[in-house]
1. Restricting to Cα atoms and excluding each atom paired with itself, what does the Kirkwood estimate give for the range 3-70 in Å?
2. Which of the pairs Lys50/Lys99; Lys6/Lys99; Lys9/Lys67; Lys3/Lys67 have their Cα atoms more than 25 Å apart in this structure?
3. Note down the relative contact order for the chain as a percent, whole number, built from C-alpha pairs under 8 angstrom at least six residues apart.
4. Grab the other residues whose beta carbon is less than 10 angstrom from that of Ile97, score K and R as +1, D and E as -1, and report the net.
5. Kindly put Asp120, Asp78 in sequence by how many other C-beta atoms sit within 10 Å of each C-beta, fewest to most.
6. Rounded to whole Å and sorted largest first, what semi-axes of the equivalent ellipsoid does the C-alpha gyration tensor of the range 14-125 yield via the square root of 5 times each eigenvalue?
7. What is the calculated FRET efficiency for Lys9 to Leu102, with r their C-beta to C-beta distance and R₀ = 35 Å, to the nearest 0.05?
Amino acid sequence: MRKRQKTLKLKRSVPHRKSMMANQVCSLIEHKRIRTTLAKAKALRPFAEKMITLGKKGDVHARRMAKSYLRNDQAVKDLFDVIAPACANRQGGYCRIVKLGLRTSDAAPMALIEWVDLADQEEDGE
């Protein structure tokens, strides 16, 4: 029986894909929004939302799980101290993907991925 394929492979090997997703999540945590291709943004969203779920738990085990995935102490600190408290009252859907159009060089569809609650706070503050 044919099963639903859950992983977007992005034409990369498993270690390369895991490392790339961890780096993208760290960049998203650090910069609050990143510009990437649409395929990478769609693949990134489940990983980023799982990290927010760990951040909302807030216990030592969740912090260690996030550290084992992200491998970046500052990203884990920002996740648990800044981003997760901002998303505390939201049940899911922590990321927003905005389509930007095509990239000039190779016509790849580009997208902006950002945290929903932090983008709303920045708009209220301005």
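Throughout, read-outs are computed from the coordinates displayed, never taken from laboratory work. Since we're looking at a predicted model, the values are computed, not measured. With ideal geometry, Cβ positions are generated from the backbone for all residues, glycine too; neighbour counts draw on all protein chains shown.
1. Values: mean 1/r = 0.0781 Å⁻¹.
For the range 3-70, the Kirkwood estimate is 12.8 Å.
2. Numbers: Lys50/Lys99 22 Å; Lys6/Lys99 22 Å; Lys9/Lys67 23 Å; Lys3/Lys67 31 Å.
Lys3/Lys67, as the Cα separations exceed 25 Å there.
3. On the way: 140 pairs, mean separation 36.3, N = 126.
After rounding, I find 29 percent.
4. Details: positive: Lys42, Arg45, Arg96, Lys99; negative: Glu114.
Around Ile97, the surrounding residues sum to +3.
5. On the way: Asp120 13, Asp78 17.
Ranking Asp120, Asp78 by Cβ neighbours within 10 Å, fewest first, gives Asp120, Asp78.
6. Numbers: eigenvalues 113, 63, 22 Å².
Its equivalent ellipsoid spans semi-axes of 24, 18, 11 Å.
7. Working: r = 22 Å, r/R0 = 0.64.
Efficiency, from the Cβ-Cβ distance: 0.95.
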